[in-house]
Amino acid sequence: MSESSAAALRLLPSIDELLRSDAGVRFIEQEGSVAATISARRVVDELRRQVADAGAASGGKTDLLLRAARALDEILTRESSSGLRRVINATGVIIHTNLGRAPLPDAAKRALLDAAGYATLEYDISTGRRGRRGARAESLVAELAGAEDAVIVNNGAAAAFIALSALAAGGEVVISRGELVEIGGDFRVPDVLAASGASLKEVGTTNRTKVADYERAITERTRMILRVHPSNFRIVGFTAAPSRVDLTALTHERGLVFFEDLGSGALLDLSASGLDEPVVADAIRDGADIVSFSGDKLLGGPQAGVIAGRSDLVERIRKDPMYRVLRCDKLILAAVESVLLEYRRGLAVDKVPVLKQIFAGADEIHARAKGVIDQLNGAEGLSAEINDGFSAVGGGAAPGVEIPTKLIAIRHSTCSADRLEERLRGNDPPVITRIENGLVLLDLRTVSEDDESTLITAIHRLSE
Ligand SMILES: *Cc1c(COP(=O)(O)O)cnc(C)c1O
């Protein structure tokens, strides 16, 4: 090592000096002294390497302390912007998988807080004895689905898995080749079937399967006929699939179980909004013995998997050892219960954000967009206009359905669209937008009215 770099190394701040700087004090305040010391040590080590490499310090002692403080501040910023954070979703994708799928109704948020302490998870107040976990939420599901009973597990994939493993393990499950689908990366129907211990009997072709195809495939090993809703794609053209009524008739004639994985599983008929998604109660009415669907797709609740159907089959699922592995905790059950109550009160379209957003008209979005733009007057360099566009349902539901909407398109005289998008994303809370044709677009359909003023402040900051 040269003499000059040895001299420079003596000018490095000590860990203590760095922790006493403004940046150090800030770090200790926000993250505690243990984390601050670890980060300060990392910063000083890195600075020592840089100084040794450079052969000499570029500035004096004050300059080195400044550099260290800046590096420490950068770590703090990085840390406080990572982790799970609330964001404003201005993308117009309603069930946004990367942004946590369904936003919960206000009542469900309150229910989460209420259940955060001690709660009657497995306790019956009227008898003072042990109660069944999820009993209330499950009876609400059964009621809304017109089913005998229901059970709730961790997510839609878990629901499909446990229904297969409890009801068909060791036997064969007949399924159409058109339904051997992949739902978002790691949920592939053939893999889930294999993991459940049931074996797969494929029938028909990708585009056409008939009742006779199912009929021919049934052997003494067959336990179940499985139907999977192709949530995230549509096959169009020369296609055929037997009706649910025909298929359940065959299933029951042969003494088998008909199980349908509905994917989103709408509890209400959403066809008035242009969505053609299977309704849970219809599947039960058409003769499905058991159905499963997600809690955080069209239902609009927290991540959960719901199973409804015949009480003997539901009971077998509840008694299956895998139930203990896949069951949900009190917070989820509290939120599910609260969302289901909105449905039962007939208020879901008003109170459940996913449904409210699906049914919001473009004129309503236009009025809100205009209100936001009016408040952007005077933001220097910034211009905003309202454009026609589309929102999407997302979450692998209703592929290809585009909901007409009105978009706020913003531009800045000196800032590129990429930079604007990045700055909005860097806001606290982050505002997530999309860019199309060089414009930053905001869709208020997925922004709650409560967040509008926060959004306006974030846009105003762009002109700073
Ligand atoms: C989404 C989906 C699943 C998985 O549900 P998760 O809640 O995401 O675990 C399973 N089957 C179908 C048909 C789906 O659409």
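Readers should treat all values here as calculations from the given coordinates under stated rules, not as data from a laboratory. Values in this document were obtained by computation on a predicted structure and should not be read as measured data. So basically every Cβ, Gly included, is an ideal-geometry build from the backbone, and we count neighbours across all protein chains shown.
List every residue pair whose Cβ atoms sit under 7 Å apart, with the two residues 6 or more apart in sequence or on different chains, where the first one lies in the range 38-54 and is touching a residue at least 12 places away in the same chain (Cβ under 8 Å) and the second, anywhere, is surrounded by 14 or more Cβ atoms within 10 Å (Cβ to Cβ) and not aliphatic (A, V, I, L, M).
Pairs that qualify, where the first residue is touching a residue at least 12 places away in the same chain (Cβ under 8 Å) and the partner is surrounded by 14 or more Cβ atoms within 10 Å (Cβ to Cβ) and not aliphatic (A, V, I, L, M), are Ser39/Phe27; Ala40/Gly24; Val44/Pro13; Leu47/Arg67; Val51/Ser5; Ala52/Ser5.
Would you check which residues across the range 381-397 are part of a loop (DSSP other than H, G, I, E, B) and within 14 Å of Arg101 (Cβ to Cβ) and list them?
Those that are part of a loop (DSSP other than H, G, I, E, B) and within 14 Å of Arg101 (Cβ to Cβ): Gly395, Gly396, Ala397.
Please go through the range 273-319 and pick out each residue that is assigned to a strand (DSSP E or B) and among the aliphatic types (A, V, I, L, M).
Val279, Ile290, Val291, Val306, Ile307, Ala308
Just the residues that are more than 16 Å from the ligand (Cβ to nearest atom) and assigned to a loop (DSSP other than H, G, I, E, B), please, taken from the range 241-272.
Selection gives Pro242, Ser243, Arg254, Gly255, Leu256, Leu268, Asp269.
Out of all the residues in the range 301-333, which are under 27 Å from Ile94 (Cβ atoms), more than 13 Å from the ligand (Cβ to nearest atom) and buried (at least 24 other Cβ atoms within 10 Å of the Cβ)?
Residues satisfying the conditions are Ala308, Leu333.
How about the range 387-415: which of its residues are more than 16 Å from the ligand (Cβ to nearest atom), surrounded by 13 or more Cβ atoms within 10 Å (Cβ to Cβ) and either without any contact (Cβ under 8 Å) to a residue 12 or more places away in the chain or β-branched (Val, Ile, Thr) (or both)?
Within the range 387-415, Ile403, Thr405, Ile408, Ile410 qualify.
So which of Ala150, Ala119 is outside any helix (DSSP H, G or I), in contact with a helix residue (DSSP H, G or I) (Cβ under 6 Å, 6 or more places away or on another chain) and surrounded by fewer than 20 Cβ atoms within 10 Å (Cβ to Cβ)?
Result of the check over Ala150, Ala119: Ala119.
Out of the range 431-446, which residues are under 23 Å from the mean Cα position of the chain (by Cα), under 18 Å from Asp374 (Cα atoms), of a type in the set (A, V, I, L, M) and crowded, with 24+ Cβ neighbours inside 10 Å?
Leu442, Leu444, listed by residue number.
Inspect the range 157-180 for any residue being farther than 24 Å from Val314 by Cα, of a type in the set (A, V, I, L, M, F, W, C) and surrounded by fewer than 19 Cβ atoms within 10 Å (Cβ to Cβ) and give the result as yes or no.
The answer is yes, given that some residue of the range 157-180 is farther than 24 Å from Val314 by Cα, of a type in the set (A, V, I, L, M, F, W, C) and surrounded by fewer than 19 Cβ atoms within 10 Å (Cβ to Cβ).
Filter the range 154-186 down to the residues that are under 22 Å from the mean Cα position of the chain (by Cα) and under 19 Å from Ile235 (Cβ atoms) and list them by number.
Val181, Glu182, Ile183, Gly184
Scanning for something within 30 Å of Glu138 (Cα to Cα) and not in a strand (DSSP E or B), does the range 361-372 turn up at least one residue?
no
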